[in-house]
Every structure is written in structure tokens, then in C-alpha cells.
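Okay, so here's the structure we're looking at.
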Amino acid sequence: MKMKRFLQTLISLAFLLFAGLFVNSSAFAQLDRTVDLTVPELDRYPEITFYLDPRDRNGSPLLGLTEDLITLHEDGLQRDLAEFQELKPGIQLVVAFNISSPFAIQDINGNSRFDFIKETLLNWVSQPLDSSPDDLSLVTNTGLEAVHLTDRNEWAAVLTEYDPPLRESQSDFQVLSRAIEIAADPVDQAGMKKVVLLFSAQPSSDSYSSLESLTSQARDNQVLLYNILVSSPAFFDTEGASRLEDLSRQTGGQYLTYSGEEPLADPGQLLKPLRSTYLVRYQSSIVSSGVHTLEVTISSSPSDIVGQREFNLEIQPPNPIFISPPRTITRSVEESSEHEHTQDIQHFQPASYPLAVLVEFPDD
């Protein structure tokens, strides 16, 4: 009897395990491809430009798409594409260090967490690029700042010389605000992503309110925040760690942890999905202010990929202003005209009068 119950229990456990695997594999199969649309550029309205970032089920970019695979709808109406182009821009990247005592923890060989972070970054920056050059910056809470460097060797030299007092430095999330500000500067390459890679220990409760405002600052400027928590595993589940994770998620970035006991994520692989994009340009038919919708469909097998983006467009009518117009215009028949006494309006002069007009565009 005991053996029979044991076998029944074993069979039940096996069935539950198999069912769990089936559910998990089914859930995995439901992961779908995605396509993200950036906030449209409206400064040349009615010509509108935005960028398209399609991803496969693993989050890798879908490359080699052609214009015939793309269908664009604006407020439900199909629009023709004026331009569709695959780009491989660099990244406007700001590496930010919020140094504090957790960075000073050493392994048995005397190498600190900061040493490993610096080594990983220097290895990454020495690798060749498969895209256009990056725009690199480095900011710290200890005063060092190097902004918008296009020479990777110059950036590497600055990082190599950086040797902060790890144990004496105090965390200050003002460095993240400064990093977002630099990343938000105008880019010099079409489609260039704006990214902040922040290394920091978990924030304390008195920093939570500032993190909320930093989220808005980053989102308003389309800056992706990649936050790497530098601490011991015991602090990976704290409220402060959760706040950093939310900051990454809400800005479209990623959140990682690093204790020094595991390899640090390779920045090259981390940023690789950001090095390709598609430029889309079209002529808008919008004639009213308000919230509008863009929808892009990518023809694909086994099913199409669809992405949407809402945006606000303010449209106001032009305001024409006459410049020094005459109070009156007197028309008369020319003395030399053989029709001097006729009342035919066609023979009165002047037949036309030029007026200078200044046109204001309140919506720019």
C-alpha cells in the first residue's frame, strides 16, 4: 500500500512538473515581436519625421526592412511614405558615476568593485564599432565631467585617470540630473538614441522624491536610463533598489545589479539594440489641434507587427498683417486714353496695387 501511494504521488508530481513546463513554454511562445515609434519631430510640419524600432522575440533589432513592407496610418487614414531609410547611428551616451562606499568593497586580491567597472568600460570602449561614432560623456558626483567627446581614446584617457576617494564619497543623485541634461542635448546624427548609463548604490529614502522628478526629466527628453545597482546581494530587494528599477522601466532603459561576485554586463551587448533604427518621413494631412495617432504595420510572417504612438500637435491659423497700407487708393482714367470719358472700369488706373504683408505663424 505504501509503495502504491508513493508511485501515485510520484506520478502526480511528474504530471504537475510536465504541466508547469507546458504552461511556461506556452507563455514563452506568446512573446511577440514589437515595434516602437519615437515621438514625432514636428518642427517641419506638415512634413513629419519619426523613427521606427522593430524588435524580434529576443529583443534584437529587425534589420533589412524595405519600404514596401511598411504601412502607415495617421488618425486611421493611410499615408504615403516620403522617405524610409535604415540607419545605423551612434549613441549619445553619458556614463554617470554616483560614487559611495559600496564601490570600495574589494575581492581577495584587493580589486574593488569600481576597479572591475572601470576595466569593463575600458575594454568596451576599445572595441571597434559597427555603427557611426558615439558621442561620449562622463560625469561623476565627485566633480569630474567630460562632455560630448567624439574621440573614444580621449574618453578612455579621462576614465583611466579617474581615481575617486571611494570610501569618503557621498552619494548625490544630482549627478543623474546633470547626466540627463547632457544626454538631452541636440544630437548630430539622425536617429541617435540618448542614453544615460548610471552606476550607483541604492538610494536612500530622502532621494525618492528627486527620483520621481528625474523620471519626468528623462521621459520629456526621450533619454533612456540604464541603471546598474552597485551593492551586495542583500540590498538588491530594498525599496531603494526598486526605485532605481522603476526609473529604468519608465524611461525605456534597463536595470541591472552588480555585487562584484559576477561578471559585469558588457556595455557593447547592452547597447547594441540601440544602434539601428529606421527613419520614416511623410506629409501629414492633420488640420486640427489635439491628440493624434500614428500606426505602423510591418508585413511579416506568420503575422504582421503593429505599433502605435499618440502625439499632440498644436495648429493655429496664420495671422496676416498689412505693412503700412494706404488709407485710400484713387483710380482715374489716363489723360492720353481715347476712352477718357468712358465709365468702363477696365480703363481706370492703377489696375493693381502691391501691398506688403507680414504673416505671423502662432504655432511656429
Query raised in the report: Looking at Asp32, is it over 30 Å from Pro302 (Cα atoms), among the acidic types (Asp, Glu) and at pLDDT below 95?
Result: no
Requested in this report: Look at segment 148-158 and say how many of its residues are touching a strand residue (DSSP E or B) at 6+ places or on another chain (Cβ under 9 Å) and open to solvent by 50 Å² or more (accessible area, probe 1.4 Å).
Outcome: 4
Report summary line: Subset of segment 265-307, residues polar (S, T, N, Q) and out of contact with any His (no Cβ under 9 Å at 6 or more places or on another chain), comes to Gln269, Ser276, Thr277, Gln283, Ser285, Ser288, Ser289, Ser299, Ser300, Ser301, Ser303
Requested in this report: Exactly one condition in (1) assigned to a loop (DSSP other than H, G, I, E, B); (2) modelled with pLDDT under 85 is not met by Ile286; state its number.
Outcome: (2)
Report task. Residue by residue through segment 266-280, note down the ones that are part of a helix (DSSP H, G or I), under 30 Å from Asn109 (Cβ atoms) and open to solvent by 30 Å² or more (accessible area, probe 1.4 Å). Result -> Gln269
**Report entry** Residue within segment 198-209 that is surrounded by fewer than 17 Cβ atoms within 10 Å (Cβ to Cβ) and either under 22 Å from Leu121 (Cα atoms) or touching a residue at least 60 places away in the same chain (Cβ under 8 Å) (or both) present
**Finding:** no
Query raised in the report: When segment 176-190 is examined, which residues are found to be within 23 Å of Ser276 (Cβ to Cβ) and either at pLDDT below 95 or open to solvent by 10 Å² or more (accessible area, probe 1.4 Å) (or both)?
Result: Ala184, Asp185, Pro186, Val187, Asp188, Gln189, Ala190
Query - Every pair of residues 6+ apart whose Cβ atoms lie under 9 Å, when the first sits in segment 311-327 and is surrounded by 10 or more Cβ atoms within 10 Å (Cβ to Cβ) while the second is aromatic (Phe, Trp, Tyr) and in a strand (DSSP E or B) - result: Phe311/Phe50
Query - Those strands (runs of 3 or more DSSP E) lying entirely in segment 34-125 with at least 3 residues more than 29 Å from Asp364 (Cα to Cα) and not polar (S, T, N, Q) - result: 91-98
**Report entry** Residue that is nearest to Gln308 (Cα to Cα) [pool: residues in segment 67-98 that are in contact (Cβ under 8 Å) with a residue 12 or more places away in the chain and of a type in the set (S, T, N, Q)]
**Finding:** Thr71
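Quick check, is Val223 of a type in the set (A, V, I, L, M, F, W, C) and out of contact with any Leu (no Cβ under 7 Å at 6 or more places or on another chain)?
yes
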Query raised in the report: Could we say that Ser101 is under 28 Å from Ala265 (Cβ atoms), more than 22 Å from the chain's Cα centre (by Cα), surrounded by 15 or more Cβ atoms within 10 Å (Cβ to Cβ) and touching a residue at least 40 places away in the same chain (Cβ under 8 Å) here?
Result: no
**Report entry** Residue pairs meeting the criteria (Cβ under 7 Å; at least 6 apart or on separate chains; first over 16 Å from Asn98 (Cβ atoms), in segment 222-250; second open to solvent by 50 Å² or more (accessible area, probe 1.4 Å) and part of a helix (DSSP H, G or I))
**Finding:** Gln250/Arg219
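The values are calculated or read from the model by the stated rules, or taken from the named source; none is laboratory data. None of these values were measured; they are calculated from a predicted model. So basically every Cβ, Gly included, is an ideal-geometry build from the backbone, and we count neighbours across all protein chains shown. These area figures cover heavy atoms from the full protein model, side chains too; ligands, DNA and RNA do not enter into them. Shrake-Rupley method; radii C 1.70, N 1.55, O 1.52, S 1.80 Å.
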